[in-house]
Ligand code: NAP
């Protein structure tokens with residue numbers, strides 16, 4: 001979302017822009033079941049929001065390509081982003097690398113990924129139609145996933161390590177009203193059961209659950225190692241930059257969830273990308 005939105009600003013300021021996406025168009029918001037707190041879009045799916053952004057950015061002239069950036073290097077004329085599929089040159093760079101799913105760290109989690117363990121309800125929920133699933137987490141992502149899955153699955157167990165949820169009250173109330181959602185707190189997942197695929201969980205409260213799917217929604221972590229030659233990283237891996245979105249390298253800006261900040265929302269990402277894109281345009285205006 002941040003990459004495409006910054007493209008809208010930079011293209012409208014007369015610059016040519018290439019957006020490099022690592023996975024799907026729009027980044028993590030594309031996997032959000034429903035967005036109900038973005039101004040003037042009362043209720044919209046993350047996928048539709050991403051499609052609209054893509055249309056808006058590309059119809060204005062932004063280009064989009066796919067590539068996993070492995071490093072960015074400063075050159076005499078600007079910067080070069082290296083990917084496994086080739087190099088991309090630019091005079092200025094906006095890093096909007098977002099964040100990734102945090103793993104539970106439970107034994108066999110990786111082995112059972114795609115065999116009952118998932119990190120995205122919107123992507124994989126349909127595989128569990130009429131089945132029993134659990135969601136782990138207590139934030140907006142977990143509670144939204146529980147609501148979404150309750151509409152598809154026979155039973156949803158929501159497991160959270162504390163009695164209090166950090167998700168918005170509105171979502172918590174919505175989940176509590178759903179007849180096919182059972183809330184188990186405080187509890188953590190101690191063991192993933194099953195041979196070739198997940199068949200259940202053993203929880204810290206001693207309970208054993210028979211399940212077809214587990215959705216792990218316990219937050220996001222950054223992955224900014226590819227940019228470490230040009231930017232400072234915080235201890236937990238976010239890019240250290242203030243509200244002006246400038247990094248320690250002139251011409252390199254950072255926007256969205258990958259930046260060190262207190263509040264990570266679509267609206268705060270949108271604010272960042274506007275600041276970063278206009279900062280990049282100002283920087284380029286010094287040369288032409
Ligand atoms: P989050 O708000 O960081 O919540 C992560 C949850 O996972 C917390 O409840 C945390 O427990 C729990 N957790 C963390 N590590 C754990 C572990 N190892 N084992 C068990 N539980 C663990 O993450 P999020 O829900 O993905 O949301 C990320 C950001 O996106 C937030 O700023 C959120 O507001 C935003 N978001 C917004 C919307 C929306 O506006 N509609 C939708 C989705 C996400 P504790 O509570 O005990 O720390």
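The values are calculated or read from the model by the stated rules, or taken from the named source; none is laboratory data. Here the structure is a predicted model, which is why all the values come from computation and not from measurement. FYI the Cβ positions are ideal-geometry reconstructions off the backbone, even for glycines, and counts take in every protein chain you see.
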Looking only at segment 126-156, which residues are within 20 Å of residue 188 (Cβ to Cβ), within 14 Å of the ligand (Cβ to nearest atom) and more than 18 Å from the chain's Cα centre (by Cα)?
134
Would you point out which residue out of 136, 122, 147 is closer than 17 Å to residue 34 by Cβ, at pLDDT 95 or above and touching a helix residue (DSSP H, G or I) at 6+ places or on another chain (Cβ under 8 Å)?
147
From 269, 241, grab the single residue that is closer than 26 Å to residue 166 by Cβ, within 14 Å of the ligand (Cβ to nearest atom) and buried (at least 18 other Cβ atoms within 10 Å of the Cβ).
269
Could you tell me which numbered condition residue 157 fails, if it satisfies all but one of (1) touching a helix residue (DSSP H, G or I) at 6+ places or on another chain (Cβ under 6 Å); (2) crowded, with 16+ Cβ neighbours inside 10 Å?
(1)
Sole exception among (1) touching a residue at least 40 places away in the same chain (Cβ under 8 Å); (2) outside the structural domain of residue 18 (by TED's automatic domain parsing) for residue 164, by number
(1)
Of (1) part of a helix (DSSP H, G or I); (2) more than 16 Å from the ligand (Cβ to nearest atom); (3) farther than 30 Å from residue 14 by Cβ; (4) in contact with a helix residue (DSSP H, G or I) (Cβ under 6 Å, 6 or more places away or on another chain), residue 70 satisfies all except one. Which?
(1)
Search segment 157-187 for residues being closer than 18 Å to residue 205 by Cα and touching a strand residue (DSSP E or B) at 6+ places or on another chain (Cβ under 7 Å), and hand back the single one that is farthest from the ligand (Cβ to nearest atom).
182
Considering segment 207-241 alone, what residues qualify as being free of Cβ contacts under 8 Å to residues at least 60 places away in the same chain, touching a strand residue (DSSP E or B) at 6+ places or on another chain (Cβ under 9 Å) and in a loop (DSSP other than H, G, I, E, B)?
207, 228, 232, 236, 237, 238, 240, 241
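Being within 16 Å of the ligand (Cβ to nearest atom) and crowded, with 23+ Cβ neighbours inside 10 Å is the filter here, so list the residues in segment 244-266 that pass it. I'd like the intermediate steps shown before the answer.
Within segment 244-266, the subset within 16 Å of the ligand (Cβ to nearest atom) is 255-266.
If the condition is that a residue be within 16 Å of the ligand (Cβ to nearest atom) and crowded, with 23+ Cβ neighbours inside 10 Å, then 255, 256, 257, 258, 259 are the ones that fit.
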